Amino acid sequence: MIEIRGLGKSFVGQDGGTVEALHDVDLDVVENEFLTVLGPSGCGKTTLLKCIAGLIPWNEGDIVIDGTPVRGPGPDRSMVFQNFALLPWATVLDNVGFGLRLRGVGRAEREERARSLIDVVGLSGFETKRPHELSGGMQQRVGIARALAVQPSVLLMDEPFGAVDEQTRRLLQEELLSIWEQHRLTVVFITHSMEEAVLLGDRVVLMSARPGRIAEIVPVPLQRPRSNDVGALERSGAYVEITAYLWDRLREMHEEHRPSEVAG
Amino acid sequence: MTLAAADRAARRAPRGRSGPRTGKQPGALGRLLGSSLPYQLVTFVAFAAAWEVYATVWGGLLIPSFTETVHATIGLLVSAELWAAMYVSNQALALGFAIAVLIGVPAGIVLGRFRWLERFADVYLNILLVTPMAAIIPLLVMSLGFGLASRVVLVAIFSIVMVVVNSRAGVRQVDPSLIEMARSFGATERQIWTRVLLPGAMPAIMTGIRLGVGRAVTGMVIVELLMVSAALGGLILEYRGLFKAASLYGTIVIILAEALLLISAARWAERRLTGWAQTDSARSAR
C-alpha cells in the first residue's frame, strides 16, 4: 500500500521564479490496485511518479510504502519509461536482465528469469536482437519485461504507450491487462488518454495543473477481468459515460487556464 | 544441390552482422563491386601511371619514377637501417600514444560527466587544439633534451586532444534517461559508470582513439624532422641531403603505409567493440 500525505514539490523555473509542480497531494494506493493518473500536460503527474520512484526529492510531505518511508529507489518498485530507456548496446536478453544484474543476481538465474519474462511479453525468439532492430511496441515490451523481472510489488508506468502508434497501443493495453490479471501487483500508470485511463484503471486520479494537485478521484465501475473482451467493454454504457465525464472535467480545467484558446 | 544442402548453405550465411538486412545476399562479384576497393585500385593505377610518365619525361635527379620508388621501398624494407629507425620511432609513438590514451580517456570522461570542470579545462583543450605543435618543439627540447622523452611527450600532446574531446562528447551523448533508468533500478554511482556511461561512450572513445592514432603518427614524424633528427625523420633528412630521391620517397611511402595500417587496425577494433552504434544516426564525429 502506498500512502502519500501532503506531498509538495517546487523547483526553480527558467525565469528564476518558483514553480509549484505538486501542491498538497494526498493519495492512497491500495495493494494490487491498478491506479491511473490522468491530467493535462504540466500537471505534475510524471513528477508525482518520480517522487514515488524515489528518483527526485520533494519539499513537503511523506510517501510511505508498506510502512517504510521512501528515501530513494528501492527493490519494491520498478519503472517503465515513456521513451523505453533501453540500453542500445545490449541485447533484449541483457536489457531485460539489467535490473537483476544491478542487484547482483548471478548470470544463470538472471537469464532464466529474463527468458521467462521475454516469453510473458511475447518476445521469444528475439533474445539476441538489439533495441534498434525492434519496433517501438516491441521495445516497450522489453521495458515492461525488464520492470517485471525484478519482481516488484509496485509497477510505476510513465505514459508507457505514449510513443507507440494507435494499433500497437491497443494491443499493448490488452496485454498489460492480461499480465496484471495474472501477476497481481500494484500499478501506478500515468497517461494523458482518457480512454486508456478508464480501460486500465480501477480508479482514475484526475490532476489539474498550476499547481499540480488532485482534482478528483473517479472510481471505474467496470468489471474485471477486462482483457478478454476489450471491444465489448468500450461499447458498454458505463465506459462511455465515465470517459465523457472525464472529458468534461478536463475541458473545465483547460477553460480555467486558457479561456481564450477554447473560446476562440 | 539438394534441398538439404541449400538449407545448410543458407544457415552458413554470414551472421553476427546486426542491423536490417536487405533482400538477398549479393554474390561475390556484386560484393566486390559494392565495396570501394576496385575503385581505389583504379585510381591508384592511374596515379602510378601518371607518376611514371611524368618522372620519365620531365623528371630528373630529384623526382624518382614510380618503379624506382617501388624498388627503393623494397630495398629499404630489407635493410637493417630502416627497421632500426622504425624501432626507435615507434618507441616514441607507442609510449606517447599509450600516455595519451591512459590520460586522455579518463580525463575526457570526467570532463563529460562533471561539467563544472569545463571552466578549468576548456582553455587548455582549446590551446592544445589550435597551437601549431611545431612551435612548442623547441620548448620541449630545451626542457627535456634531444632524447626519447621529448619525442614521447610531443606524440602524447599531439594525440591527446582527439582522445579527450571525443571521450568527453561520448559521455555527454549518453541519453540521460538511461542514467535515470539505472537509478530507478537502484544502480550505485559506480554501476552507473560501468554499466551505462562507459559502454555508452565507447563508440566515441574508439573514434577518438582512431583519430588520435593519426595525430600521433604526425607528431612522431614532425618532431624527428624538425628537431631531434632521429629515426625515420632522420632518415628522411639524410636521404634528402644525399639526393637519394627514391629512398626519400620510399621512406615516406613506408610511413604512410604504417599510418594507414594503424588507422585500419583502430577502425577494425572500433567496429568489433561497438558494432551496435554503427547503425545509429546519432554518431557525431566519424
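The values are calculated or read from the model by the stated rules, or taken from the named source; none is laboratory data. Quick caveat, the model's predicted, so the values are computed rather than measured. Using ideal geometry, Cβ is built from the backbone for each residue, glycine included, and neighbour counts are taken over all protein chains shown. What goes into the accessible areas is simple: the full protein's heavy atoms, side chains included, and nothing from ligands, DNA or RNA. Shrake-Rupley method; radii C 1.70, N 1.55, O 1.52, S 1.80 Å.
Taking the protein assembly as shown, how much of its Cα-Cα pair set, in percent, is spaced more than 47 angstrom apart? Show your work: numbers first, answer last.
Values: 52848 of 150975 pairs.
So the pairs more than 47 Å apart make up 35 percent of the total in the protein assembly as shown.
Which percentage, to the nearest 5, of the DSSP beta bridges contained in the protein assembly as shown is antiparallel? Spell out each step's value before the answer.
Working: 21 of 39 bridges.
Approximately 55 percent, going by the DSSP bridge assignments.
For chain A, treating each Cα as an identical point scatterer without solvent, what Debye log10 I(q)/I(0) comes out at q = 0.07, 0.10, 0.15 1/Å?
Those come out to -0.25, -0.52, -1.14, one per q.
Placing +1 at every Lys and Arg Cβ and -1 at every Asp and Glu Cβ, with all other atoms neutral, what dipole size does chain A have around its Cα centre, in debye to the nearest 20? Numbers along the way, then the final one.
Values: 28 positive and 38 negative charges, 171 e Å.
Dipole about the Cα centre, nearest 20: 820 debye.
Give me the percent of accessible area attributable to carbon and sulfur for the protein assembly as shown, probe 1.4 angstrom.
On the way: 16750 of 27720 Å².
With neighbouring chains kept in place, the figure for the protein assembly as shown is 60 percent.
With a 10 Å radius around each residue's Cβ, average the other Cβ atoms per peptide and rank B:159-167, A:170-178, highest first.
B:159-167, A:170-178
Note down, for segment A:89-167, the three equivalent ellipsoid semi-axes (square root of 5 times each alpha carbon gyration tensor eigenvalue), biggest first, whole angstrom.
20, 15, 10
Among B:ALA216, B:ALA259, B:GLN173, which residue has its Cα furthest toward the positive end of the charge dipole of segment B:86-273, with +1 on Lys/Arg Cβ and -1 on Asp/Glu Cβ?
Result: B:GLN173, furthest along the dipole toward the positive end.
Using square roots of five times the C-alpha gyration tensor eigenvalues, list the equivalent-ellipsoid semi-axes of segment A:166-264 in whole Å, biggest first. Numbers along the way, then the final one.
On the way: eigenvalues 147, 45, 31 Å².
Whole-Å semi-axes of the equivalent ellipsoid: 27, 15, 12.
Near A:LYS9, which aspartates and glutamates are there with a Cα under 14 Å away, not counting those fewer than 8 places off in the same chain?
Correct list for A:LYS9: A:GLU20, A:ASP24, A:ASP26, A:GLU60, A:ASP62.
With the Cα gyration tensor of segment B:110-151 giving a ≥ b ≥ c as the square roots of its eigenvalues, does the rule (a/c under 1.5 for rounded; else a/b larger than b/c for prolate; else oblate) give rounded, prolate or oblate? Kindly include the intermediate steps, with their values, before the conclusion.
Working: a/c = 3.84, a/b = 2.39, b/c = 1.61.
Here segment B:110-151 falls in the prolate category.
Taking only the C-alpha atoms, wrap a convex hull around segment A:27-164 and report its volume per residue in Å³ as a whole number. Before the final figure, lay out the partial values.
On the way: hull volume 17.3 nm³, N = 138.
It is 125 Å³ per residue.
Let me spell out the model: positive unit charges on the Cβ of Lys and Arg, negative unit charges on the Cβ of Asp and Glu, origin at the Cα centre of the protein assembly as shown. What dipole size does that give, in debye rounded to 20? Numbers along the way, then the final one.
Details: 54 positive and 52 negative charges, 454 e Å.
Charge dipole of the protein assembly as shown: 2180 debye, to the nearest 20.
When only Cα pairs under 8 Å and 6 or more residues apart are kept, what is the percent relative contact order across segment B:86-273? Can you show the working numbers first?
Numbers: 221 pairs, mean separation 53.0, N = 188.
Worked out over segment B:86-273, it gives 28 percent.
Rounded to the nearest angstrom and ordered from largest down, what semi-axes does the equivalent ellipsoid of segment B:90-175 get from its C-alpha gyration tensor (root of 5λ)?
Values: eigenvalues 136, 41, 16 Å².
Each semi-axis is the square root of five times an eigenvalue, giving 26, 14, 9 Å.
Need one number: % antiparallel among DSSP beta bridges in segment A:10-156, to the nearest 5.
About 60 percent, rounded to the nearest 5.
When the solvent-accessible surface of protein heavy atoms is calculated with a 1.4 angstrom probe, in what order do B:TYR39, B:TYR239, B:TYR54 fall, highest first? Provide the component values of the computation, followed by the final result.
On the way: B:TYR39 135, B:TYR239 5, B:TYR54 110 Å².
These residues rank, largest area first, as B:TYR39, B:TYR54, B:TYR239.
Find how much the distance from B:PHE146 to B:LEU237 grows on full extension, using 0.36 nm per residue of separation minus their present alpha carbon separation; answer in nm with one decimal.
Values: separation 91, 0.36 × 91 = 32.76 nm, distance 1.63 nm.
Result: 31.1 nm gained on full extension.
Using the Kyte-Doolittle scale, find the helices of chain A whose mean hydropathy is at least -0.5 and whose Cα atoms extend 18 Å or more along the helix's long axis, counting only whole DSSP H runs. Could you put the intermediate results ahead of the total?
Details: long enough: A:107-120 (19 Å, -1.19); A:136-149 (20 Å, 0.19); A:166-183 (25 Å, -1.08); A:237-257 (31 Å, -0.75).
Answer set is A:136-149.
Using protein chains only and a probe of 1.4 angstrom, how many square angstrom of B:VAL45 are accessible, to the nearest 10?
Here the accessible area works out near 90 Å².
Heavy atoms of the protein only, probe of 1.4 Å, neighbouring chains included. What is the accessible area of A:LEU199 in Å², nearest 10?
For A:LEU199, solvent-accessible area is about 0 Å².
Write down the radius of gyration of segment B:86-273 and its Dmax, each obtained from C-alpha positions, in Å.
Values for segment B:86-273 (Cα only, Rg and Dmax): 19.2, 70 Å.
Could you give log10 I(q)/I(0) at q = 0.15, 0.18, 0.19, 0.32 Å⁻¹ for segment A:102-141, computed by the Debye formula over C-alpha point scatterers of equal weight, without solvent?
-0.39, -0.55, -0.60, -1.07
As an exercise, take the mean of 1/r over every pair of distinct alpha carbons in segment A:47-121, invert it, and state the Kirkwood radius in angstroms.
On the way: mean 1/r = 0.0702 Å⁻¹.
Taking the inverse mean of 1/r over all distinct Cα pairs, segment A:47-121 comes out at 14.3 Å.
For segment A:26-83, just list the percent of Cα-Cα distances falling in each 10 Å bin from zero outward, please.
Computed distribution, short to long bins: 18, 58, 24, 0.
Kindly state, to the nearest 0.05, the FRET efficiency for B:VAL57 paired with B:TRP268, given R0 = 41 Å and r defined as their beta-carbon distance.
Numbers: r = 41 Å, r/R0 = 1.00.
Plugging the Cβ-Cβ distance into 1/(1 + (r/R0)^6) gives 0.50.
Given a Förster distance of 35 Å, report the FRET efficiency between A:ALA244 and A:VAL12 from their Cβ-Cβ distance, rounded to the nearest 0.05. Don't skip to the answer; put the middle values down first.
Numbers: r = 39 Å, r/R0 = 1.12.
Efficiency for this residue pair is about 0.35.
Size of segment A:1-46 along its principal axes in angstrom, Cα-based, largest extent first?
Computed over segment A:1-46, the largest-to-smallest principal extents equal 41, 21, 10 Å.
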